Amino acid sequence: MSDVSQPAAHPPVIDWVNDFDHTDPQWTEDPFPIWEELRAASPVVHTERFLGCYMPTTYEAVREIANDTEHFSSRRIIVRDIRPEITSRNVAPPITSDPPVHKPAKQLLLPPFTPDAMKKLEPRMRAICNELIDGFIADSKVDAAARYSKYIPVQAIAHMLGIPESDSDLFINWIHMILELGIKDENKLLQAVQEMSAYFMAHIEERRSKPTDDLISYLMNAKDKEGQPLEESHVLGSLRLLLIAGIDTTWSAIGSSLWHLARTPADRERLIAEPGRIPTAVEELLRAYAPVTMAREVVKETTISGCPVKAGNMVLLSFPAANRDPKMFPDADKVVIDRRENRHAAFGLGIHRCVGSNLARMEMQVALEEWLKRIPDFRLDPAGTVTWSQGTVRGPRQLPFLLGKAM
Amino acid sequence: MAERLRVHVDPDKCQGHARCKALAPELFELDEYGNAHEAGDGTIPPGLEDKAWLAKSNCPEIAIDVIEE
């Protein structure tokens with residue numbers, strides 16, 4: 001359909017320190033040794049790719065940037081091959097907002113996502129997990145990403161937004177187009193954004209005559225700080241954000257956690273014997289396999305951890321790399337499921353802390369509890385292949401497991 | 001020997017990660033936005049010192065202080 005040329009393939013990376021590329025297959029497969037190499041070279045590294053991009057490699061440098069909204073803007077939050085113009089059609093407040101407009105936009109979204117609000121959602125989550133497990137528990141093997149972790153967050157956020165859980169595959173496809181294909185292909189991203197907007201517009205229209213108690217109605221009824229209803233573009237942007245941010249992030253975190261437990265029988269047995277440890281273990285799994293890497297755009301020249309950064313470049317703000325910094329976390333590369341001191345940055349730091357962090361934590365805890373209760377024995381299927389997503393969110397996309405005790 | 005131990009949340013630093021409330025529900029409260037503040041005047045009852053320490057050492061924003069008075 002398109003007259004726009006196909007996105008250029010990226011040449012393979014040879015020099016990681018000066019020419020890194022977070023879409024390189026080597027990074028997708030196993031980024032941890034790469035981050036170590038980059039960190040050893042400098043607290044901030046640079047690549048000419050993506051029209052110029054920095055990456056802080058230490059926890060301290062990540063924290064510094066996350067807290068510096070004067071020099072670093074959130075108007076672009078994904079490092080991509082191109083930098084399209086910012087319009088009301090591609091914003092997703094509050095994640096793409098800078099101060100001072102950020103705070104009121106964020107405050108609108110916070111009340112429905114408090115820990116108490118999440119407690120009310122927990123029974124539905126347990127039911128969702130068990131319905132999914134019912135679908136494959138009788139089998140000897142399962143793709144735990146495709147049949148389990150993938151559908152938990154999508155059904156939860158659909159439930160909160162008041163849109164049909166049965167449309168899950170539609171949402172998953174949009175997220176794939178935006179967060180993975182969209183890095184290199186503008187058309188895919190725009191197509192998905194337009195389809196999402198049209199989808200939500202239809203729901204907004206429906207609620208005008210039939211108001212509901214879901215998040216769509218909540219945003220339609222919300223008032224800005226002048227007491228006026230939100231602009232339609234704001235409502236749509238926030239709805240797109242909730243759908244995009246709520247799905248493959250937690251899907252990835254649950255998948256990585258199951259991947260870890262499949263490969264680490266000692267941790268699995270401990271959590272089965274002592275389920276009370278699951279919340280602490282979830283924090284460590286979030287630290288070790290933090291799925292989300294956000295971006296910032298340098299808007300004013302400054303210095304980070306002694307390294308000069310120039311305006312016009314993007315920043316790959318890797319919370320996962322911060323979480324592996326041995327200066328911050330002893331044995332940073334080891335998963336210690338009862339780690340006591342764990343100020344991990346999986347949900348970001350500073351004003352853009354993930355709105356859905358309480359939801360994600362609840363989903364992860366429930367997903368692991370219900371899985372371990374019903375499927376205590378599982379392991380990676382040596383005949384299958386684990387594959388990982390590319391780019392902004394990292395998690396297993398294929399997770400072939402054998403169920404039951406090893407023969 | 002300190003007379004009294006007290007927790008305090010710096011409201012300018014807190015971003016509502018809610019780790020403190022999860023780890024030490026007796027010592028912290030959340031407002032309607034999910035941002036934390038100390039319960040009451042923040043006094044740590046005997047026996048809850050470890051929970052206060054845990055909350056402090058798990059706050060991603062380093063917003064919590066344990067103060068000896």
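Just so you know, all these numbers are worked out from the coordinates, no wet-lab data involved. The structure presented is a predicted model; accordingly, all values stated were derived computationally and were not measured. Neighbour counts are summed over all protein chains in view; Cβ atoms, including those assigned to glycine, are modelled from backbone coordinates with ideal geometry.
In this structure, the amide hydrogen of A:R397, modeled 1.01 Å from its nitrogen in the peptide plane, lies closer than 5 angstrom to those of A:T387, A:W388, A:S389, counting only residues at least 5 positions away or on a different chain. For the stretch A:238-379, the residue among A:A332, A:S357, A:T302 whose Cα projects farthest onto the positive side of the dipole built from Cβ charges is A:T302. Centroid-to-centroid, using Cα positions, the stretch A:81-138 and the stretch B:1-34 are 24 Å apart. Taken about its Cα centre, the stretch A:180-283 carries a charge dipole of about 240 debye when Lys and Arg each add +1 at the Cβ and Asp and Glu each add -1 at the Cβ.
Taking 0.36 nm per residue of sequence separation and removing the Cα-Cα distance, the A:Q194/A:R126 pair yields an extension gain of 21.2 nm.
Candidate cross-link partners of A:K327 among the lysines, defined by an alpha-carbon separation under 25 Å and a same-chain spacing of 8 or more, comprise B:K13, B:K51, B:K56. A simple rule links phi to the HN-Hα coupling: the Karplus curve 6.51 cos²θ - 1.76 cosθ + 1.60 with θ = phi - 60°, which for the stretch A:76-93 gives 10, 10, 10, 7, 9, 5, 10, 10, x, 4, 8, 10, 5, 7, 10, 8, 9, x Hz, with x for Gly and Pro. Considering all alpha-carbon pairs of the stretch A:264-402, what whole percent are spaced by more than 18 angstrom? Cα-Cα pairs of the stretch A:264-402 separated by over 18 Å account for 65 percent.
Short-range pairs are left out: with C-alpha atoms under 8 Å and at least six residues apart, the relative contact order of chain A is 27 percent.
Assuming charge only on the beta carbon of Lys and Arg (+1) and of Asp and Glu (-1), the dipole of the stretch A:137-225 about its Cα centre is about 220 debye to the nearest 20. Equivalent-ellipsoid semi-axes for the stretch A:2-107 (Cα gyration tensor, √(5λ), whole Å, largest first): 27, 22, 11. Sequence-distant contacts, meaning Cα pairs under 8 Å at least 6 residues apart, place the relative contact order of the stretch A:197-349 at 19 percent. For a straight C-alpha distance cut-off of 25 angstrom, the lysines reachable from A:K310 (same-chain residues fewer than eight places away being disregarded) are A:K184, A:K300. Loop by DSSP (not H, G, I, E, B), at most 16 other beta-carbon atoms within 10 Å: where is the longest site-free stretch of chain A for GluC sites (Glu not before Pro)? Within chain A, the longest run free of exposed GluC sites (Glu not before Pro) spans A:86-225.
Global dimensions of the stretch A:98-151 from alpha-carbon coordinates: Rg and Dmax equal 17.6, 54 Å. Annotation: chain A has a Kirkwood hydrodynamic radius of 21.9 angstrom, from the mean reciprocal C-alpha pair distance.
Averaging Cα coordinates gives a centre for the stretch A:144-183 and one for the stretch A:1-78; these two points are 26 Å apart.
So, how do all the Cα-to-Cα distances of chain B break down into 10 Å bins, in percent, from 0 on up? Whole-percent P(r) values from 0 Å outward: 24, 59, 16, 1. Among beta bridges from DSSP that stay inside the protein assembly as shown, the antiparallel ones total about 95%. Karplus-based coupling profile of the stretch A:164-171, in residue order and whole Hz: x, 4, 6, 8, 3, 5, 4, 5, with θ = phi - 60° in 6.51 cos²θ - 1.76 cosθ + 1.60 and x standing for Gly or Pro.
Computed from backbone phi with θ = phi - 60° and the Karplus coefficients 6.51, -1.76 and 1.60, the 3J(HN,Hα) list for the stretch A:320-333 is x, 5, 4, 5, 9, 6, x, 6, 9, 10, x, 6, 4, 8 Hz; x is used for glycine and proline.
Kindly identify the stretch A:49-101 as rounded, prolate or oblate by the Cα gyration tensor criterion: order the square roots of the eigenvalues as a ≥ b ≥ c, call it rounded if a/c is under 1.5, otherwise compare a/b with b/c, prolate if a/b is larger, else oblate.
It comes out oblate by the Cα gyration axes.
Note on the stretch A:274-333 and the stretch A:388-407: Cα centroid distance 23 Å, given to the nearest whole angstrom.
When the protein assembly as shown is described by a simple charge dipole with +1 on each Lys and Arg Cβ and -1 on each Asp and Glu Cβ, the residue from A:F319, A:A367, A:T250 located farthest towards its positive end is A:A367.
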